[in-house]
1. Tell me the accessible surface of F127 in square angstrom (1.4 angstrom probe, heavy atoms of protein chains only), to the nearest ten.
2. Set the Förster radius R0 to 45 Å, insert the Cβ-Cβ distance between S238 and D90 as r into 1/(1 + (r/R0)^6), and round the FRET efficiency to 0.05.
3. Hey, with R₀ at 51 Å, roughly what FRET efficiency would R344 and N213 work out to, going by the Cβ-Cβ distance, to 0.05?
4. Want the number for E330 to V74: 0.36 nm per residue separation, take away the alpha-carbon distance, what's left?
5. Where in segment 105-125 does the amide nitrogen come within less than 16 Å of the point 7 Å from the Cα of N81, taken along Cα to Cβ?
6. Can you give the relative contact order of segment 39-121 as a percent, counting alpha carbon pairs under 8 Å and 6+ residues apart?
7. Kindly report, to the nearest 10 Å², the accessible surface of S93 as traced by a 1.4 Å probe over protein heavy atoms only.
8. So what does C342 come to for accessible area, using a 1.4 Å probe and Å² rounded to 10?
Amino acid sequence: MLFPRTLTLLCLIASTAAFSIGIGRPKVRKILLTNDDGWATAQMRAMMDALIAEGYDVVMSGTSENQSGSSSKVATPTVLNVTCEFGTCDVGSPAMGANASNPRINYVNSFPVNAAQYGLAVLTPKFFHSKPDFVVSGPNVGTNLLTDVPNSGTITILILTMVTRLFSSFLGHDLYHSGAACEAAKQGIPSAAFSGSNNSQIAYTTLLTDPTNLHSRAALIDSKLTTTFLRTLFSSSSRPILPPNITLNVNFAAIDQPGCSRAEDFKYVLTRVQPISGVNGTVGGRGDVRTCGSEVLPDELAVVHSGGCFVSVSVIDAVRKVDVDAKTQEFVLGRIGRLLSCFRK
C-alpha cells in the first residue's frame with residue numbers, strides 16, 4: 001500500500017513545531033490519529049484501541065476509503081456517491097461523518113490532507129478544546145521507505161502547517177479566521193508517521209472475526225510497537241518534543257519472519273532515509289550523529305529488509321522530506337536513546 005499521503009500529512013503538521021505539553025500518565029495526552037488507508041481498516045482501529053489503552057485522549061479523522069498514493073492532493077469533501085470502505089457508510093452519507101456509537105471515530109470523504117485538516121480545525125477543538133499534543137499518522141498499510149517518502153500520504157499528513165479556507169464552503173463559516181485554524185496556521189504540532197511491512201487492506205471487524213490472521217496480528221503488533229515508541233519519546237518532560245520542522249518516519253519489519261511473532265522481539269534502530277554517499281562515507285563531507293561507534297547511520301531500507309526483527313526510525317525535514325543534519329539527529333537520539341539498539345548486518 002502506498003504511503004505518500006500519510007507521511008505528507010505529518011510533515012504539514014510538524015512545520016514550526018514548538019509546544020508545551022505536559023507529562024504524566026501519559027504526560028502527552030491529546031492525540032489526533034489519522035492515515036491514508038481509510039477509517040475502517042484493522043490498522044486504524046487497532047491503533048486507536050492501543051492508544052486509548054495507554055491512557056491517551058484520542059480522536060480519529062480518516063478518509064472514507066483507501067486513498068493511498070494521493071500524496072498532498074486536496075479537494076472539498078463531498079457527499080458520498082459510493083459506499084465507504086467495507087460498506088461502513090451508505091451512498092448519500094454526508095461529506096464528513098462519525099461512527100454511530102463513537103463520535104470520536106470520523107471520516108472525511110476526500111484526501112488524507114483534508115482528513116487531517118478536518119481533525120485539526122474541527123474535531124480537536126470539539127473534543128479537546130485545544131489543539132492536539134501530538135499527531136499519529138498510521139500505521140500505514142505498507143512501508144514508507146527511501147523513494148516512497150517524498151510521495152507518501154502518511155507523511156504528507158504531517159506537513160499540515162496551516163488550515164486554509166478549504167472547509168469554509170461546506171462548514172458555513174470561514175475557518176481561516178477561526179481560533180482553531182489560526183492556531184494551526186501559527187503553530188506546528190509534533191508528529192510521527194508509522195508504517196508496517198505485511199499489512200493488508202482488511203476491515204477492522206477482522207480483528208474479532210479472524211484474530212489469528214497474519215494481517216490482524218500485524219495490525220495489533222504494529223500498534224503495540226507504536227505505543228512503546230511513543231512512551232519513550234514522551235517520557236522526558238523537556239520541550240519541544242521535536243525540533244521545528246522535524247518529523248519522524250518509523251517503519252516496522254514483517255512479523256512473519258523467523259522470531260518476529262511478538263512486539264517484544266523487535267529492536268528499534270536509528271536510521272536515515274537515503275543511504276550515505278559522497279566523500280569518505282559522509283554527506284557533503286558531514287557525517288551523521290555518532291552512535292554505535294559510527295558516524296554513518298544505516299539506511300532504513302537496509303534495516304527493515306534485513307530479515308531481522310527491526311523498527312527503523314528516521315529523522316526527516318518535514319518540509320523537504322529529506323534527512324537532517326547530525327545535530328538534529330542527536331536531539332532525537334537524546335529522547336529515545338534508551339530504546340535504541342545497534343544494527344549489525
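1. 40 Å²
2. So, using R0 = 45 Å, E works out to roughly 0.40.
3. In this case the efficiency is close to 0.95.
4. Value of the extension gain: 88.7 nm.
5. Only 109-111 fall inside the zone, counting backbone N under 16 Å.
6. Reported as a whole number, the value is 35 percent.
7. 20 Å²
8. 60 Å²
The values are calculated or read from the model by the stated rules, or taken from the named source; none is laboratory data. Keep in mind that what you see is a predicted model, and the values were worked out from it rather than measured. Here Cβ is always computed from backbone atoms with ideal geometry, including for glycine, and neighbour counts include all displayed protein chains. The accessibility values were calculated without ligands, DNA or RNA, using every heavy atom of the protein model including side chains. Shrake-Rupley method; radii C 1.70, N 1.55, O 1.52, S 1.80 Å.
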